[in-house]
Amino acid sequence: MKIGCPKEIKPQEFRVGMTPNAAQEAVARGHEVLIETDAGMGSGFDNDAYMAAGARIVDTAAEVFATADMIVKVKEPQAVERKMLREGQLLFTYLHLAPDPDQTHDLLSSGCTAIAYETVTDAAGGLPLLAPMSEVAGRLAPQVGSWTLQKANGGRGVLMGGVPGVGPAKVVVIGGGVVGTHAAKIAAGMGADVTVLDRSLPRLRYLDDVFGNTFNNQYSTAGATAELIQTADMVIGAVLIPGAAAPKLVTRAQLSTMKPGAVLVDVAIDQGGCFETSKATTHADPIYEVDGIMHYCVANMPGAVARTSTIALGNATMPFLLSLADKGWKQACQDDPHLLAGLNVHAGQLTYYAVGKALGIDVVSPNVVIKS
C-alpha cells in the first residue's frame, strides 16, 4: 500500500502523522511511504530521518493526496485538504465530526473512507488513540490555566500553589476520565486545592483508592458544579462522550457567579466545548474574556508540545496503521471490532451513530458496510 503523510496546516499545529519509526516499520512490511517535505520538522524529525527509514520525500501535499492509498494525519483535514480526497481513498486521523457539519459533508461528498482516531476502542472500553493526547492535554491544562491566571493575561493574579500565609488556587476539574485525572494530578502537584467531579461512582472510588488525599473528589450534579465554580480560580472542562458533541456544563448565566478573572480551560473544545461560552482558539491567540471570566479554548492543545505528542500518538496508532496497510481497511475492520468502531465515513455514508444524531444525518451500520 502507498501510505501518505502530508504536513499539518492547521494554525500552530506542529505534530506529524507518522514518525520515522512508523515509516520504517511500514517500509519493512513492503509498503511505500510518502512524506511531504518538512512535514516532521515541527516535531524535530527532518527529511533525512524519514529517508533513512526508507520513506520517499515529496514536494507538495497535492502529490501526497494524489498518490497515496491511505492518508495518515493528526488533525482533521482542512477545507483545502478535503478537496484533494478522492473516492476509495482511506483517511486515518482525528476527525471530531459531531461539532463540524462542513467537514462531515465534505468527507461524505469525497467518497473516501475515514477512520477516526478518537472513536477507535479497546477491550477495556477505552479509547486507545485518544488516550495519549488526552494525557498530554490533561497535563497541559493546569499549566496553561496557571499562565492565564496571571494578572497580565487577564486572570485573577493567583499563584497555583500559594505561598506561606497565602492559600493556593482552587481548581475544579469536571470529569474524572483520562484528561481529568491527569489535570488533577498536575494541578495538585503544583500545590493547588483540587476537586474532581464525576458521575461514575466506580471512577470516584478508583480516584480515591489511587490518589487518596492528593485531591478531592465529588459526585457530579448540576448543583455541585454550580456551587463549586463560585469559589474556583480555575475550572477545567474534561468531559467527553465518544464521538458526540460535548455537553454544556457551565452556562453563560453562571459566569456572573464566578470570581472576576477566574479561568475556564476547555479541553473538550475539539468536540464543541463543555462551557456554553466556549469557542475554539489557537496557540497564537489562545484566550479571550466573557463577562469577566477568562477562557482558554485552544483546539489542538497537544500541538504545543509537538515532539512529546507526536511520539506518544505514533506509539498508539502504529499497530492500527500497519494493520490497515497490511490487510486493507475492510479486512482489518472485519478482524478487529475495535478498529471498526473508528469507522465514521465510507463511500458517501455516515457510519457513526453519535455523529449522525448530533448533525441530523442518517447513519448506516458499520457492520453492514464491511459486509457489502
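The values are calculated or read from the model by the stated rules, or taken from the named source; none is laboratory data. Being a predicted model, the structure only gives us computed values, none of them experimental. Backbone-built Cβ (ideal geometry, glycine too); neighbour counts: all protein chains shown.
Each residue in the range 184-214 was checked for being loosely packed, with under 15 Cβ neighbours inside 10 Å and basic (Lys, Arg), and 2 of them qualify.
Among the residues of the range 343-372, how many are at positive phi and surrounded by 14 or more Cβ atoms within 10 Å (Cβ to Cβ)?
1
Residues that are basic (Lys, Arg): find the strands (runs of 3 or more DSSP E) completely inside the range 251-315 holding 2 or more of those.
Hits in the range 251-315: none.
Considering the conditions (1) touching a helix residue (DSSP H, G or I) at 6+ places or on another chain (Cβ under 8 Å); (2) surrounded by fewer than 20 Cβ atoms within 10 Å (Cβ to Cβ); (3) closer than 29 Å to Ala116 by Cα, Val235 is excluded by exactly one of them, (2). For the range 275-296, what are the residues that are under 15 Å from Ala152 (Cα atoms) and not charged (D, E, K, R)? Once the filter is applied, which keeps residues that are under 15 Å from Ala152 (Cα atoms) and not charged (D, E, K, R), the range 275-296 yields Pro286, Ile287, Tyr288, Gly292, Ile293, Met294, His295, Tyr296.
Among the residues of the range 19-68, the ones that are touching a residue at least 40 places away in the same chain (Cβ under 8 Å), polar (S, T, N, Q) and out of contact with any strand residue (DSSP E or B) (no Cβ under 8 Å at 6 or more places or on another chain) come to 3 in all. Take the residues in the range 217-250 that are closer than 19 Å to His182 by Cβ, assigned to a strand (DSSP E or B) and aliphatic (A, V, I, L, M); name whichever of them is farthest from the chain's Cα centre (by Cα). So the residue we want is Met234.
Name the one entry in His338, His346, His295 that is in contact with a Cys (Cβ under 9 Å, 6 or more places away or on another chain) and not aromatic (Phe, Trp, Tyr). I'd like the intermediate steps shown before the answer.
On the way: His338 fails: in contact with a Cys (Cβ under 9 Å, 6 or more places away or on another chain); His295 fails: in contact with a Cys (Cβ under 9 Å, 6 or more places away or on another chain).
Of the residues listed, the single one that is in contact with a Cys (Cβ under 9 Å, 6 or more places away or on another chain) and not aromatic (Phe, Trp, Tyr) is His346.
Screening the range 98-124 for residues that are of a type in the set (A, V, I, L, M, F, W, C) and modelled with pLDDT of 95 or more and picking the one that is nearest to the chain's Cα centre (by Cα) gives Ala116. Return the pair list, or none, for Cβ contacts closer than 7 Å from residues in the range 93-114 that are in the same structural domain as Tyr352 (by TED's automatic domain parsing) to residues that are buried (at least 22 other Cβ atoms within 10 Å of the Cβ) and of a type in the set (Phe, Trp, Tyr), at least 6 apart or on different chains. Once the first residue is in the same structural domain as Tyr352 (by TED's automatic domain parsing) and sits in the range 93-114, its partners that are buried (at least 22 other Cβ atoms within 10 Å of the Cβ) and of a type in the set (Phe, Trp, Tyr) give Thr93/Tyr117; Tyr94/Tyr117; Thr113/Trp329.
From the set of residues in the range 154-183 that are of a type in the set (A, V, I, L, M, F, W, C) and within 18 Å of Asp209 (Cβ to Cβ), which is surrounded by the fewest Cβ atoms within 10 Å (Cβ to Cβ)?
Taking the range 154-183 as the starting set, the residues that turn out to be of a type in the set (A, V, I, L, M, F, W, C) are 158-160, 163, 166, 169, 171-174, 178-179, 183.
Those left that are additionally within 18 Å of Asp209 (Cβ to Cβ): 173, 178.
Numbers: Val173: 34, Val178: 20.
The selected residue is Val178.
Residue by residue through the range 224-245, note down the ones that are touching a residue at least 60 places away in the same chain (Cβ under 8 Å) and among the aliphatic types (A, V, I, L, M). Passing the criteria: Ala232, Met234, Val235, Ile236, Ala238, Val239, Leu240, Ile241, Ala244, Ala245. When only residues in the range 128-159 that are within 25 Å of the chain's Cα centre (by Cα) and assigned to a loop (DSSP other than H, G, I, E, B) count, which is modelled with the lowest pLDDT? Applying the filter and picking the extreme gives Leu130. Applying the criterion of being at pLDDT 95 or above and among the hydrophobic types (A, V, I, L, M, F, W, C) to the residues of the range 281-297, the residue that is surrounded by the fewest Cβ atoms within 10 Å (Cβ to Cβ) is Val290.
Which residue, of Ala116, Ala98, is among the small types (Gly, Ala, Ser), crowded, with 23+ Cβ neighbours inside 10 Å, closer than 20 Å to Lys279 by Cβ and out of contact with any Pro (no Cβ under 9 Å at 6 or more places or on another chain)?
Details: Ala116 fails: closer than 20 Å to Lys279 by Cβ.
Answer to the selection: Ala98.
Which one is nearest to Val172 (Cα to Cα) among residues in the range 259-274 that are touching a Ser or Thr at 6+ places or on another chain (Cβ under 9 Å) and surrounded by fewer than 24 Cβ atoms within 10 Å (Cβ to Cβ)? Steps first, please.
Let us first name the residues in the range 259-274 that are touching a Ser or Thr at 6+ places or on another chain (Cβ under 9 Å), namely 259, 263-269, 272.
Still in the running and surrounded by fewer than 24 Cβ atoms within 10 Å (Cβ to Cβ): 259, 272.
Working: Lys259: 13, Gly272: 20 Å.
The extreme case among them is Lys259.
Hydrophobic (A, V, I, L, M, F, W, C), buried (at least 22 other Cβ atoms within 10 Å of the Cβ) and in contact with a Ser or Thr (Cβ under 9 Å, 6 or more places away or on another chain) - does that describe any residue in the range 53-68? The answer is no, given that none of the residues of the range 53-68 is hydrophobic (A, V, I, L, M, F, W, C), buried (at least 22 other Cβ atoms within 10 Å of the Cβ) and in contact with a Ser or Thr (Cβ under 9 Å, 6 or more places away or on another chain). Of the candidates Thr281, Thr221, the single residue that is at negative phi, touching a Cys at 6+ places or on another chain (Cβ under 6 Å) and without any contact (Cβ under 8 Å) to a residue 24 or more places away in the chain is Thr281.
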